[in-house]
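The values are calculated or read from the model by the stated rules, or taken from the named source; none is laboratory data. Fair warning: this is a prediction, and the values are worked out from it, not measured in the lab. Backbone-built Cβ (ideal geometry, glycine too); neighbour counts: all protein chains shown.
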Amino acid sequence: MNVKNKDTSMDGPAAPCVYVGDDLARYGFGEGHPFGPDRLDAFWQQACAVGLDRQVQQCIPVSAARMLVERFHTPAYVERVIGQSATGVGYLDNGDTPAFPGIYESACYVVGSVLDAIERILTGACRQAFVPVAGLHHARRDRAAGFCVFNDCGIAIETLRRQHHLQRIAYVDIDAHHGDGVFYSFEEDPELFFADLHEDGRYLYPGSGMAEETGRGAARGTKLNVPMPPGADDDAFFKAWERVEAFVDDARPQFILFQCGADSIAGDPITDLRYSPAAHRHATRRLLQLARRHCQGHLLAMGGGGYNRRNLALAWTGVVEVLMSD
Ligand SMILES: [Zn+2]
């Protein structure tokens, strides 16, 4: 991959940070697997084709230390990933997530890059960032799930709380799959404002995210799940999005996390939604406005799913182009 060896900031320190490099690209499960190691390159080629490589701050992937991963995950689970990563034998879940050799190290680069992006945003090096290989929203505290080894979203939330002392955090997810690993880990957390538009769980993995799931106990009302019918298009998305926008506005977040999975675009091989990349641009534009209103523009986008390479390239390039407009 053609990436410069140090950060560049042609347009000054406020340009968004984008993480690219082989250490991040390597997170994947081998050629032929939907979550293969070619996804980052597919995005970056498109980003370069429209000149974004000369406009964003290119950041080198960073590895997270084990103790940072354990802000969210149990030590026993992390130990298991380390062991199976060394042997490369078996699965880390029930059959979607193979223990690829070196998967621990690759997963640590996903987490470390997300945490580095948060650090850069909160220290003023940028106001927005995009980590293409990230948003691994299915992993639970004690187990892998659905191509997700470490839940960088969950680790980001824990880090924003413990290290940066923020409380009110918005997590918005437009991936075709429900962000169950984030939802159930923070279901009782009244200051994690979770909004998720996803294909109805009756038709798609992981089967959760019903409209009635709004949070438990003191957190009731702080979660918004919007199941979309198979075949839902941009018009359906724009209409449903209005609810997400009002929800996030009411939350008055101190930081916005955005999982912009591209598997919700028409033509994805494993889902049935039919948005176009315009949906991702729209969501980014509106979240950026909300971030400016509530939290100095602080917005971190994470790539999430997307298994049609052309779709993810166009969707994520669109996300970064919109972030450039800040
Ligand atoms: Zn997905």
Could you tell me whether any residue of the stretch 211-221 is out of contact with any Pro (no Cβ under 9 Å at 6 or more places or on another chain), among the hydrophobic types (A, V, I, L, M, F, W, C) and either under 25 Å from ASP93 (Cα atoms) or away from the ligand (no atom under 16 Å from the Cβ) (or both)? no
Which ones in the stretch 311-326 are aliphatic (A, V, I, L, M), within 15 Å of the ligand (Cβ to nearest atom) and within 30 Å of ARG252 (Cβ to Cβ)? ALA315
Picked from the stretch 252-274 (must be of a type in the set (A, V, I, L, M) and surrounded by 22 or more Cβ atoms within 10 Å (Cβ to Cβ)), the residue farthest from the chain's Cα centre (by Cα) is LEU273
List the residue pairs whose Cβ atoms are under 6 Å apart, where the first residue sits in the stretch 212-226 and is surrounded by fewer than 18 Cβ atoms within 10 Å (Cβ to Cβ), the second is assigned to a strand (DSSP E or B), and the two are 6 or more positions apart or on different chains. THR214/LYS223
List pairs: first residue in the stretch 293-310 and farther than 17 Å from CYS148 by Cβ and within 16 Å of the ligand (Cβ to nearest atom), second residue among the small types (Gly, Ala, Ser) and part of a loop (DSSP other than H, G, I, E, B) anywhere in the structure, Cβ distance under 7 angstrom, at least six positions apart or on different chains. ASN308/GLY267
Test result for PHE72, at pLDDT below 95 and within 20 Å of ASN151 (Cα to Cα): no
So, in the stretch 136-155, how many residues would count as being under 22 Å from ARG220 (Cα atoms) and not in a strand (DSSP E or B)? 5
Which pairs have Cβ atoms under 6 Å, sit 6 or more apart or on different chains, and link a residue in the stretch 189-206 that is over 11 Å from ASP173 (Cα atoms) and in contact (Cβ under 8 Å) with a residue 40 or more places away in the chain to one that is buried (at least 23 other Cβ atoms within 10 Å of the Cβ) and among the charged types (D, E, K, R)? PRO206/ASP180
